[in-house]
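Structure first, then comments.
The values are calculated or read from the model by the stated rules, or taken from the named source; none is laboratory data. Every value quoted in this text rests on a predicted model; they were computed, and no experiment measured them. Neighbour counts are summed over all protein chains in view; Cβ atoms, including those assigned to glycine, are modelled from backbone coordinates with ideal geometry. Quick note on the areas: whole protein, heavy atoms, side chains included, nothing else; ligands and nucleic acids left out. Shrake-Rupley method; radii C 1.70, N 1.55, O 1.52, S 1.80 Å.
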Amino acid sequence: MGNTELMTGNEAVSRGFWENGGIFAASYPGSPTVEILESMKKYSEIEARWAPNEKVALEMSIGASMAGGRTMVSMKHVGINIAADPFMTFTQIRTKGGFVLVIGDDPGLNSSQNEQDSRFWGKFANIPVLEPSNPQEIKDYTKLALNLSEEFGTPVLLKLTTTLCHGRAPVQLGERTEAVVEGFVEDQGRFCMLPPYANKQQYFMQERIQKLREYNNSTSINALTEKADADTLIITSGVSYQYLLETQPNASILKLAMVYPLPIEKIQELSSKYKKIIVVEELMPFIEEILKANGIKAEGKRFFPFTGELTTEIIRKGLYEAGILEEKPVINEKNIQIPPRTPMLCAGCPHRPVFHILKKAKAVVMGDIGCYSLGILEPFEVLKTNISMGASLGMVQGVASTLRKAGKSEPLVAMIGDGTFFHSGMTGMVELSKTKDNITVIVMDNRTTAMTGGQFTPTTGEYLEGKGDHTISIKGILEAFGIKDITVLDQFKYKETKETMLAAMKREGLSIIITTRPCALNFKIKEPYFYVDQEICISCRSCIGVNCPPISMKQYEGKDKKNSYINPDMCVGCSVCSQVCPVGAIKRSQKEEA
Amino acid sequence: MGTTNILIAGVGGQGLVLSTRIISYAAFKEGFDIKSGDVIGLSQRGGTVWGSVRFGKEVHSPIIPNGEADILLGLEELESLRWLHLMRKNAHIIINKQNIFPNRVLIEKEEYPKDIVADLKSKGFQVDSVDAREIARTAGNVKTENIVLLGRLSKLLPIKYETWIETIKENVPAKTVDINIIAFNKSRE
Ligand SMILES: Cc1ncc(C[n+]2csc(CCOP(=O)(O)OP(=O)(O)O)c2C)c(N)n1
Ligand code: SF4
Ligand code: SF4
Ligand code: SF4
């Protein structure tokens with residue numbers, strides 16, 4: 001094996017960046033790209049930084065590139081939406097230090113709020129898009145991206161997907177080659193995007209994309225596998241290529257490495273040799289539409305779904321319908337007779353008591369993005385909206401204003417986590433700071449970005465008492481915004497929390513509640529477990545309503561009714577269930593069992 | 001030889017990612033081409049999670065095609081039922097005697113299926129039902145539960161014992177190497 005190592009796609013990105021002289025990498029956590037920056041941290045030559053959001057990550061990277069360094073910024077697909085403002089102007093500039101933007105799409109929405117197809121940014125921003133199909137290619141294309149970036153003066157989009165980011169395969173390792181960093185050389189005509197400088201860059205981008213198209217027509221990075229006497233050409237890219245190989249179609253295959261700008265002339269020439277041109281691509285008909293617009297009779301979405309991940313069997317089915325596979329594929333149906341298993345808040349999760357109280361209070365709550373989004377699901381069903389990070393705050397004002405104008409005002413609540421607060425909640429808070437409507441904002445400060453694996457937030461340090469990074473106080477920020485009605489509380493004191501929340505929801509104007517219990521999972525919190533004394537339990541099921549994974553109703557021997565049961569291996573001893581039991585049947589064990 | 005396809009099924013938080021990694025590295029060290037995949041993300045919070053390892057002379061897709069999985073390693077009983085459409089006829093199923101109730105069972109809206117092992121056997125699968133937690137406990141630490149299951153799996157795969165031991169050593173926390181190896185050996189007895 002020698003120099004070969006098993007790597008995930010995410011690790012291969014980092015390795016490729018390191019081998020090719022990368023010096024600055026920034027990101028904001030989000031599935032599926034989290035491990036890119038995490039695995040970058042082991043390379044001491046690279047400064048790897050988590051930013052408070054994708055926009056800042058991109059802006060730091062723009063600076064690094066302008067200073068002449070080889071730069072990478074990585075994010076999940078929706079991250080680029082918030083970074084789009086600097087991005088759409090940066091792309092006009094002739095790039096200096098090699099600049100790679102890595103975006104991880106999530107077809108099938110494994111852990112996302114939408115399914116947007118990032119290849120469209122290539123067309124929108126006039127930049128090339130590379131789509132690798134396995135970890136080795138991911139590493140190779142990272143190198144290619146850095147080189148193309150400097151050669152053509154363009155940011156390059158390396159587009160991955162969940163399966164590619166997380167999948168593992170052998171990768172050939174190389175040594176690091178240092179890249180020369182020229183430094184920041186003043187050049188206003190190049191770096192100041194205002195008229196007249198910016199006008200002229202429209203022509204520059206046009207020419208740049210034209211040159212890239214010529215490059216793509218002549219390069220060997222797009223692989224053609226010709227099958228003698230096949231009358232079909234299948235055009236594909238990314239991980240779909242690997243699935244396609246499994247189906248062994250009787251067709252020639254053109255596997256594209258660069259999906260924008262497409263090598264149109266090359267495809268035109270090729271397609272004249274075939275009766276049928278089939279495009280196999282995940283999500284939108286990106287390649288298909290460009291081919292059609294250029295007069296190539298390609299078909300794709302007629303046979304393949306526009307949503308969800310492709311799989312070998314979906315491709316088999318599509319190829320059969322397109323008349324390319326002769327045998328009708330036999331596909332075993334999924335077993336849907338069994339209970340689904342949706343995600344749940346962990347045992348001891350600090351978000352749980354807050355949901356429990358809001359449910360009882362029948363509050364109208366605008367939700368946000370984080371572990372607390374699970375409050376949408378059964379049995380809480382407390383959050384009534386979920387759009388994008390930070391959106392709850394602006395939305396709650398919009399709802400309040402409209403209800404007031406219509407004479408239908410009612411108390412409203414918005415919920416946001418500490419991670420999301422710093423990501424994009426603060427500007428919403430500025431707007432809310434002057435509201436006269438009855439709005440309560442609950443900031444769930446669990447001291448981390450829990451959902452994406454527990455990256456630090458600016459409040460982590462406060463909890464770790466100086467052991468973490470420097471800290472920023474959310475309360476301090478809100479006070480500086482002129483907000484007066486702020487309560488900081490420990491939500492594991494159930495009764496007090498309930499009273500405080502109910503009172504706040506009655507008050508006119510803005511009230512803020514900041515909950516401070518830390519994430520149980522990421523800070524590995526485990527206290528002596530609780531158990532149910534069946535002699536006392538009256539089977540009322542109040543504890544079941546708390547919805548903690550260790551608690552279920554169980555048939556004990558010699559009893560006619562079921563009683564509550566707490567699995568001691570799973571309970572982490574937060575005490576919340578014991579506080580909602582009306583008869584005191586839930587008690588703390590003496591010491592933690594090994 | 002053809003490709004060996006292993007599906008690992010479990011519940012978020014059960015340590016499935018590490019199991020998938022160990023199997024992948026063991027196959028890699030043994031000199032096979034390998035591809036693996038897993039779903040991590042939102043489902044990490046107690047939802048359905050799965051991993052796949054495919055190894056052989058040359059492997060393309062990291063995802064096991066429908067009906068082609070040779071072995072299912074079920075870290076939990078109900079989750080073992082969820083992926084039968086991916087299994088070959090007569091495939092091996094190593095199933096942990098562990099029931100973790102999903103949300104709808106906890107809130108009494110659905111029942112946890114009964115007699116899962118018998119059901120799988122009646123469908124023609126070769127089922128090895130393992131009380132991994134108990135074996136782990138007698139080996140000295142319940143946290144070695146997944147390694148116990150890997151011990152059973154190791155007996156079905158063309159990967160040398162030494163390769164497994166080396167891989168386990170490299171992938172579990174240094175302090176727990178000995179206890180993990182004891183658990184691995186015990187489950188192979
Ligand atoms: C624009 C954007 N970037 C990243 C993500 C991925 N993501 C999902 S939840 C979350 C943050 C959650 O942090 P926090 O608000 O502190 O809530 P917690 O999970 O800790 O409860 C992130 C970054 C996203 N959904 N959208
Ligand atoms: S990871 Fe933390 S915040 Fe998220 S559900 Fe678990 S305990 Fe709650
Ligand atoms: S004390 Fe109750 S609510 Fe808290 S972790 Fe244990 S079972 Fe869950
Ligand atoms: S809340 Fe108390 S009395 Fe009611 S079911 Fe639970 S343990 Fe029993």
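The residues of region B:4-20 that are in a helix (DSSP H, G or I) and surrounded by fewer than 20 Cβ atoms within 10 Å (Cβ to Cβ), listed by number, are B:VAL17, B:LEU18. Among residues of region A:204-233 that are under 28 Å from A:THR91 (Cβ atoms), those with a beta-carbon under 8 Å from a residue that is part of a helix (DSSP H, G or I) and of a type in the set (A, V, I, L, M) at least six positions away or on a different chain give the pairs A:LEU212/A:LEU148; A:ARG213/A:ILE264; A:TYR215/A:LEU148; A:ASN217/A:ILE264; A:ILE221/A:LEU144. For region A:330-348, indicate whether the set of residues that are open to solvent by less than 40 Å² (accessible area, probe 1.4 Å) and outside any loop (DSSP other than H, G, I, E, B) is non-empty. For region A:330-348, residues open to solvent by less than 40 Å² (accessible area, probe 1.4 Å) and outside any loop (DSSP other than H, G, I, E, B): absent.
Is it the case that B:ALA118 is more than 16 Å from the chain's Cα centre (by Cα), surrounded by fewer than 17 Cβ atoms within 10 Å (Cβ to Cβ) and of a type in the set (A, V, I, L, M)?
In short, yes.
Confirm whether A:LEU291 is touching a residue at least 40 places away in the same chain (Cβ under 8 Å), surrounded by 15 or more Cβ atoms within 10 Å (Cβ to Cβ), in the same structural domain as A:ILE442 (by TED's automatic domain parsing) and touching a helix residue (DSSP H, G or I) at 6+ places or on another chain (Cβ under 8 Å). When the stated conditions are applied, A:LEU291 does not pass them. Taking region B:153-189 as the range and being open to solvent by less than 70 Å² (accessible area, probe 1.4 Å) and without any contact (Cβ under 8 Å) to a residue 12 or more places away in the chain as the test, only B:VAL177 passes. From the list B:ASN146, B:ASN141, exactly one residue is closer than 13 Å to B:ALA183 by Cα and touching a Gly at 6+ places or on another chain (Cβ under 7 Å). Which is it? Going through B:ASN146, B:ASN141 in turn, just one is closer than 13 Å to B:ALA183 by Cα and touching a Gly at 6+ places or on another chain (Cβ under 7 Å): B:ASN146. Scanning for something in contact with a strand residue (DSSP E or B) (Cβ under 9 Å, 6 or more places away or on another chain) and more than 8 Å from every other protein chain (Cβ to nearest Cβ), does region B:60-67 turn up at least one residue? Among the residues of region B:60-67, at least one is in contact with a strand residue (DSSP E or B) (Cβ under 9 Å, 6 or more places away or on another chain) and more than 8 Å from every other protein chain (Cβ to nearest Cβ), which makes the answer yes.
Kindly indicate whether any position in region B:15-38 is at positive phi and within 14 Å of the chain's Cα centre (by Cα).
Filtering region B:15-38 down to residues at positive phi leaves B:15, B:31.
Narrowing the set further to residues that are within 14 Å of the chain's Cα centre (by Cα) leaves B:15.
Yes; the residues of region B:15-38 include at least one that is at positive phi and within 14 Å of the chain's Cα centre (by Cα).
Among the strands (runs of 3 or more DSSP E) confined to region A:379-486, the ones with at least 1 residues that are surrounded by fewer than 20 Cβ atoms within 10 Å (Cβ to Cβ) are located at A:383-385. If you go through region A:261-284 and keep only what is over 17 Å from A:GLU226 (Cβ atoms) and open to solvent by 30 Å² or more (accessible area, probe 1.4 Å), you end up with A:GLU265, A:MET284.
Quick check, is B:GLY37 part of a strand (DSSP E or B), within 26 Å of B:PHE184 (Cβ to Cβ) and at the interface with another protein chain (Cβ under 10 Å from one of its Cβ atoms)? First the steps, then the outcome.
Details: part of a strand (DSSP E or B): yes; within 26 Å of B:PHE184 (Cβ to Cβ): yes; at the interface with another protein chain (Cβ under 10 Å from one of its Cβ atoms): yes.
Here the answer is yes, as B:GLY37 does meet what is asked.
Scan region B:88-101 and give yes if some residue there is under 23 Å from B:TRP164 (Cα atoms) and within 10 Å of chain A (Cβ to nearest Cβ), otherwise no. No, region B:88-101 has no match at all.
A:CYS540 fulfils the conditions (1) away from ligand 1 (no atom under 16 Å from the Cβ); (2) more than 14 Å from every other protein chain (Cβ to nearest Cβ) except for a single criterion, (2).
Residue pairs whose Cβ atoms lie under 9 Å apart, separated by 6 or more positions or on different chains, with the first residue in region A:75-99 and acidic (Asp, Glu) and the second modelled with pLDDT of 95 or more and open to solvent by 10 Å² or more (accessible area, probe 1.4 Å), are A:ASP85/A:LYS55. For region A:356-371, taking the residues that are away from ligand 1 (no atom under 12 Å from the Cβ) and within 14 Å of chain B (Cβ to nearest Cβ), the one that is surrounded by the fewest Cβ atoms within 10 Å (Cβ to Cβ) is identified as A:LYS359.
Within region A:498-505, does at least one residue satisfy the condition of being free of Cβ contacts under 8 Å to residues at least 60 places away in the same chain, in contact with a helix residue (DSSP H, G or I) (Cβ under 8 Å, 6 or more places away or on another chain) and away from ligand 1 (no atom under 16 Å from the Cβ)? So far as region A:498-505 goes, no, none of its residues is free of Cβ contacts under 8 Å to residues at least 60 places away in the same chain, in contact with a helix residue (DSSP H, G or I) (Cβ under 8 Å, 6 or more places away or on another chain) and away from ligand 1 (no atom under 16 Å from the Cβ). Among residues that are in contact (Cβ under 8 Å) with a residue 24 or more places away in the chain, under 23 Å from A:MET344 (Cα atoms) and within 9 Å of ligand 3 (Cβ to nearest atom), A:TYR565 is not included. Looking only at residues in region A:296-347 that are in contact with a strand residue (DSSP E or B) (Cβ under 7 Å, 6 or more places away or on another chain) and without any contact (Cβ under 8 Å) to a residue 24 or more places away in the chain, the one that is nearest to B:ALA69 (Cα to Cα) is A:ARG341. Return yes when A:THR515 is in contact with a Pro (Cβ under 9 Å, 6 or more places away or on another chain) and either more than 14 Å from chain B (Cβ to nearest Cβ) or within 12 Å of ligand 4 (Cβ to nearest atom) (or both) and no when it is not. Here the answer is yes, as A:THR515 does meet what is asked.
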